[in-house]
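*Asks:* Once you've had a glance at the structure underneath, I'll fire off some questions.
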Amino acid sequence: MSGLVAWRSRTPRERAIAAGIAVLFGVALYLALVYALDRSRAQLRADVATLRVQSAKLDRQAAEIERLRALPKPPPRQGELRALIDAEARAAGFTPAQIRVEARGADEIQVVLTSVPFAVWLGSVARLEAQQARVETCRIEPLSTPGMVSVTATFVRSTSR
């Protein structure tokens with residue numbers, strides 16, 4: 001209410017000046033808003049163009065992946081399975097005293113582990129299977145130490161994808 005009293009106490013000239021300043025402020029605020037929106041719209045247009053380029057690139061890469069997946073797998077090279085098993089044994093931390101690896105043929109490897117944690121053995125098998133090496137035969141015997149086992153397993157190169 002005091003604002004209305006203050007407004008009425010002003011002379012008509014002061015009211016006109018105050019109204020003009022308010023209009024100028026409103027126009028300036030409107031122009032600032034329009035300018036900010038225009039800049040945002042220009043930035044969004046540039047972003048959309050960039051995203052379209054990235055989308056096209058992803059589409060090309062997806063098509064290439066599908067093309068490569070459709071290609072027949074090359075036959076495994078001699079010794080590749082053994083190298084894979086040796087690398088996994090090193091990664092799992094098996095010592096030479098714990099493991100013996102024997103080639104039974106080009107695509108068949110027998111692994112004998114004397115004393116390993118069962119969980120480590122399972123993790124190694126999972127990683128080998130992810131690389132197309134599968135367990136064909138396996139004998140696991142518990143040891144007197146809880147969680148420890150001895151393992152004799154035969155791995156072959158998997159032919160499925």
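*Asks:* Give me the distance in nm between label points sitting 7 Å out from Cα along the Cα-to-Cβ direction at Met148 and Arg134, one decimal.
*Replies:* 3.3 nm
*Asks:* Charges on Cβ only, +1 for Lys and Arg, -1 for Asp and Glu, centred on the Cα centroid of segment 38-134; of Thr50, Ser115, Leu68, which one is farthest towards the dipole's positive end?
*Replies:* Final value for the positive-end residue is Thr50.
*Asks:* Can you compute the modelled spin-label distance between Arg67 and Glu141, with each label point 7 Å from Cα toward Cβ, in nm?
*Replies:* Once both label points are built, they end up 5.4 nm from each other.
*Asks:* Which whole-number percentage describes the relative contact order of segment 57-161, with Cα contacts under 8 Å and a sequence gap of 6 or more?
*Replies:* 25 percent.
*Asks:* I'd like the orientation of helix 80-92 relative to the chain: the angle between its Cα long axis and the longest Cα principal axis, in ° from 0 to 90, rounded to 10.
*Replies:* The two axes meet at around 70 degrees.
*Asks:* Quickly rank 130-137, 56-63 as a protection proxy: mean count of other C-beta atoms within 10 Å, highest first.
*Replies:* Result, highest mean first: 130-137, 56-63.
*Asks:* Taking amide H atoms as placed 1.01 Å from N in the peptide plane, list the residues 5 or more away in sequence, or in a different chain, whose amide H sits under 5 Å from that of Glu108.
*Replies:* Counting only residues 5 or more places away or on other chains, the set is empty.
*Asks:* Another question, if that's okay. Considering only protein heavy atoms and a probe of 1.4 Å, how much of the accessible area of the chain is carbon and sulfur, as a whole percent?
*Replies:* Roughly 62 percent, rounded to a whole number.
*Asks:* How do the peptides 14-22, 146-154 rank, highest first, by the average count of neighbouring beta carbon atoms within 10 Å per residue?
*Replies:* 146-154, 14-22
*Asks:* Determine the per residue accessible area of segment 17-74 with all protein chains present and a 1.4 angstrom probe, expressed in square angstrom.
*Replies:* 90 Å²
*Asks:* Which whole-number percent gives the relative contact order of segment 1-135, counting Cα pairs below 8 Å spaced six or more residues apart?
*Replies:* 15 percent
*Asks:* OK, next. Taking the Cα centre of the chain as the origin, how large is its charge dipole in debye, to the nearest 20, when only Lys and Arg (+1) and Asp and Glu (-1) carry charge on their Cβ atoms?
*Replies:* Dipole about the Cα centre, nearest 20: 1080 debye.
*Asks:* Same structure, new question: Given the -39500 (n - 2.57) contribution per DSSP H run of 4+ residues, what per-residue ellipticity at 222 nm results for the chain, rounded to the nearest 500 deg cm²/dmol?
*Replies:* The helix contribution divided over the chain gives -20000 deg cm²/dmol.
The values are calculated or read from the model by the stated rules, or taken from the named source; none is laboratory data. All of these numbers come straight from a predicted model, not from anything done at the bench. Reconstructed Cβ throughout: ideal geometry from the backbone, glycine too, with neighbour counts over all protein chains shown. Note: areas computed on protein heavy atoms with side chains; ligands, DNA, RNA excluded. Shrake-Rupley method; radii C 1.70, N 1.55, O 1.52, S 1.80 Å.
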